[in-house]
Amino acid sequence: MSEPVAQITDLAVSFATDQGSVRAVDGVSLQVAPGEVLAVVGESGSGKTVTAKTLLGLLPETATARGAVVLTSPQGVRTDVVQVSAARMRQLRGTEVAMVFQEPSTVLNPVYTVGWQIAESVRAHERISRRAARSRAVEALRQVGIPDPEERVDHYPHQFSGGQKQRVVIAMALVLGPDLIVADEPTTALDVTVQAEILDLLRRLRDETGTAIVLITHNMGVVADLADRVAVMYQGRLVEQAPVTELFADPQAEYTRALLGSVPRLGEGRVRAEARAAGRPDGWAESAPVVSATDLTITYPGRFRRPGFTAVDQVSLSIRPGEVLGLVGESGSGKTTIARAIAGLQPVSDGSLRVFGTEMRGARGKALAGVRPRLGFVFQDPAASFNPLLTIAECVAEPLVVHGRARSPEAARGRVDELLEAVQLPRSYGSRYPHELSGGQRQRASLARALALDPELLVADEPTSALDVSVQARVLELFAELQAELGFACLFVSHDLAVVDLLADRIAVLYRGRLVEEGPGSEVLDQPRDAYTRRLLASLPVPDPELQAERREALRSL
């Protein structure tokens, strides 16, 4: 067996805080062989990203690392990252180990072209002309599948889609030919179709270049699709490590079994949907819809003499009282635009959109004032939707104060405490600020705020896409319980068909602004009529390595 590219031995990492030292990683030992994909999985706070960043010496100054983190070059030179100087570490980054970060928009500098940024990383390590470095950048973009790389090399980050930006970041990591790539949640914010493309790219690069990959993720379907071996972390410790087929077939640790059990699977929501349908009163199907769209068209106006962009093109759909409609599709399909239009946050260009009987096309002032108290909105990123200067209690109380249900946040505290308990947060959390809560806790607080006015309709825009699988499972279970108890109608926007299947009575599929398919989950997921729906289903990775290999071949044929 060849020597490992990276070997971590008894790693411990602590962070200095005002409350004392916090142990983030505790006695972790791992190794990665050449050409191997090692997936490190676990929920937020498990220490997986801290462990990965140690490989590149990217820990902050407040961190103290003990143990050994050894990188071995193809020439057999061994370097302990924990002990080397900062200057030596800069030489290693990019040449021996490189990182693909979770959010490419924060990695790429918006004021420089992507070609300049890739070329700059080459020139930082090699004495090479600007023209030669630019040629290397073009070749790197071609290697990761960017179309027309000779032209796109001079484009800026904002001119690329999310999936293309992730490819650019991968090109930046590959350009110096490192032996090890650390990919930190490289597909978390991507649609399932784009995610499938990125996973295929990483697999191809591994096979063609022999580069080892450390994959940090909480998506067990991605693990089943790409990994050779899996390491499971929990509260800073390594609880299990095994080849991917063994781990999925016979997990040994209780935490691993719980993690796999939390993964939503297609078909699990049918029983719930049937139970909801059986509990509805007679004549429910003939009741007036809460939302009714007929030939709904929404166009964003063009600028600088460019034509407008039609984001939603003649879509017709409806939501009845107490019904959950799942709206799925890839980025740019118009899902969020429809959600914002229903909430009165996006003007309607053509067609009709009626919410609680109010025509939203051209609605202003008093018309919207009658709709908004009856509607709640759960945003995709609660950290961005909460005011960081307000406590959680003040954020949750905001709708009550704005709509005159309470004189002040203090007067609304009783109602706020009830809402926090309803979403399974302790009352004491109301005194905390948003940054003091985890991602799952913030999303629960966001749900509490959306329910503050007892809405008849809830619009949830990708509310679980950024959550760990175990946290996502708890939030989805809570959402289902609250919907059953309170009976609100819901538009649930997501790109994850398995999540939508758990909650929705009906599923509507959007593609490039058009509604291509609609119906119960049993029809849309089991017998899809449209080719795009079939491709969307085949792109969804499942937590079973053998089945996922079959699905991957089916996707290629599509």
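Just so it is clear, none of the values below were taken in a lab; they were calculated from the coordinates. In this text the structure is predicted, and so the values were computed from the model without any measurement. We place every Cβ from the backbone using ideal geometry, glycine too, and count neighbours over all the protein chains shown.
Potential lengthening of the chain between Glu485 and Ala384 amounts to 33.5 nm, from the contour at 0.36 nm per residue minus the alpha-carbon distance. Expressed in units of 2.2 N^0.38 Å, where N is the residue count, the Cα radius of gyration of the stretch 469-543 is 1.17. Taking the C-alpha atoms only, the angle from helix 162-174 to the longest principal axis of the chain is near 10 degrees.
At q = 0.14, 0.16, 0.21 Å⁻¹, what log₁₀ I(q)/I(0) does a Debye calculation on the Cα points of the stretch 248-349 give, no solvent, two decimals? Listed by q, the Debye log ratios stand at -0.79, -0.88, -1.13. The Rg/Rh ratio for the stretch 105-177, using Cα coordinates for both the radius of gyration and the Kirkwood hydrodynamic radius, is 0.92. Within straight-line reach of Lys165, meaning a Cα separation under 17 Å, there are no lysines at least 8 residues removed in sequence or on another chain.
Each of the peptides 200-210, 98-108 was scored by the mean count of other Cβ atoms within 10 Å over its residues; in descending order, highest first, they stand as 98-108, 200-210.
Compactness of the chain was expressed as the Cα radius of gyration divided by 2.2 N^0.38 Å, which yields 1.02.
Grab the Cα-Cα distance for Glu150 and Arg340, subtract it from 0.36 nm times how many residues apart they are, and report the gain in nm with one decimal. In short, 64.6 nm is gained.
Using the average count of surrounding beta-carbon atoms within 10 Å as a protection proxy, the listed peptides 357-363, 542-548 rank, highest first, as 542-548, 357-363.
Could you please state, rounded to a whole Å, how far the C-alpha centre of the stretch 144-183 is from the C-alpha centre of the stretch 209-230? Each part's Cα centre sits 20 Å from the other's. Of the residues Val232, Val244, Thr299, the one whose Cα sits farthest toward the positive end of the charge dipole of the stretch 213-326, with +1 on the Cβ of Lys and Arg and -1 on the Cβ of Asp and Glu, is Thr299. Available extension along the chain between Arg142 and Gln235 is 29.4 nm, counting 0.36 nm per residue and deducting the alpha carbon span. Principal-axis analysis of the Cα atoms of the chain puts helix 192-209 at an angle of about 10° to the longest axis. Projected label points at Glu3 and Ala124, each 7 Å from Cα along the beta carbon direction, are separated by 2.7 nanometres. Each peptide in 214-226, 504-516, 412-424 gets a packing score, the mean of other Cβ atoms within 10 Å over its residues, and the list from highest to lowest is 214-226, 504-516, 412-424. Counting only DSSP beta bridges with both residues in the chain, the antiparallel share comes to about 55 percent.
Convex hull volume of the C-alpha atoms in the stretch 4-141, normalised per residue: 150 Å³.
Put +1 on the Cβ of every Lys and Arg and -1 on every Asp and Glu Cβ in the chain; which of Asn219, Ser21, Ala480 then has its Cα farthest towards the positive end of the dipole? Going by the Cα projections, it comes out as Ser21. When the Cα atoms of the stretch 410-558 are aligned to their principal axes, the ranges along those axes come out at 60, 32, 25 Å in descending order. Using the alpha-carbon atoms, what tilt in degrees (0 to 90, nearest 10) does helix 469-486 show relative to the longest principal axis of the chain? With both axes taken from Cα atoms, the answer is about 0 degrees.
Considering all C-alpha pairs of the stretch 372-466, those separated by over 16 Å amount to 48%. May I ask you to derive the FRET efficiency for Tyr300 and Glu61 from their Cβ-Cβ distance with R0 = 30 Å, giving the value to the nearest 0.05? For R0 = 30 Å, the calculated efficiency reads 0.10.
In plain terms, if you count all Cα to Cα distances in the stretch 89-247 and split them into 10 Å steps from zero, the share in each step is 10, 39, 35, 12, 3 percent.
Each stretch of four or more DSSP H residues adds -39500 (n - 2.57); spread over every residue of the chain, this sum gives -10500 deg cm²/dmol at 222 nm. Among the trypsin sites (Lys or Arg not before Pro) in the stretch 265-339, those located in a DSSP loop and surrounded by at most 11 other Cβ atoms within 10 Å of their own Cβ are Arg303, Arg305.
Among the chymotrypsin sites (Phe, Trp or Tyr not before Pro) in the stretch 227-329, those located in a DSSP loop and surrounded by at most 15 other Cβ atoms within 10 Å of their own Cβ are Phe304.
When only the Cβ of Lys, Arg, Asp and Glu is charged (+1, +1, -1, -1), the dipole of the chain relative to its Cα centre reaches about 1800 debye.
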